[in-house]
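First comes the structure, then the notes that go with it.
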Amino acid sequence: MPRIIAIDFGRKRCGVAVTDPLKLIANSLPVVRTCDLLSFLQDYCSREDVERILMGEPRQMNGEPSESMRYIKPFLGQLRKAMPDMPIEMVDERFTSVMAHRDMLTAGFKKSDRQRKGLADEMSAVIILTTWLETH
């Protein structure tokens, strides 16, 4: 059965999460440098059956797109060109970073672990994917 991938896009690195084949559980994958993300996705999708890619869509509190969209739009263009048959869906990612940090505190992560930059990106991608799964 095909999987679904979610991406928490960042200027330097991206959190990536993927479902299990039954689409019940979201698991994080290792953080990917943004400059390597396109080749990572192409490689992953060539090895695994992927149904769609979800891209976190940063928005301001008033619902307007955030400043970060100016970095995401060019990547989306490259992704659509490289993988024209792959459905790509934008998912509101407001509060995912806050939720990731809260979850780390709740889980009892040490301060040094919480400060590991990629960990919040991984968890944010899992939150984006889990939220999408719960609403579909």
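For the range 1-71, which strands (runs of 3 or more DSSP E) that fit wholly inside it have 2 or more residues that are aliphatic (A, V, I, L, M) and over 13 Å from Glu122 (Cα atoms)?
50-57
What's the number of the condition Val91 fails, among (1) closer than 21 Å to Ser39 by Cα; (2) modelled with pLDDT under 95; (3) among the β-branched types (Val, Ile, Thr)?
The one condition Val91 does not meet is (1).
All but one of (1) modelled with pLDDT under 90; (2) crowded, with 17+ Cβ neighbours inside 10 Å hold for Trp132, so report the exception by its number.
(1)
What are the residue pairs meeting all of these: first residue in the range 1-17, first residue basic (Lys, Arg), second residue assigned to a loop (DSSP other than H, G, I, E, B) and open to solvent by 10 Å² or more (accessible area, probe 1.4 Å), Cβ atoms under 7 Å, and 6 or more apart or on different chains?
Matching pairs, first to second residue: Arg3/Pro21; Arg3/Glu48; Arg3/Asp49.
The values are calculated or read from the model by the stated rules, or taken from the named source; none is laboratory data. Being a predicted model, the structure only gives us computed values, none of them experimental. No Cβ is skipped: glycine too gets one built from the backbone with ideal geometry, and neighbour counts run over all protein chains shown. Each accessible area value is taken on the protein alone, full model and side chains, heavy atoms only, with ligands, DNA and RNA left out. Shrake-Rupley method; radii C 1.70, N 1.55, O 1.52, S 1.80 Å.
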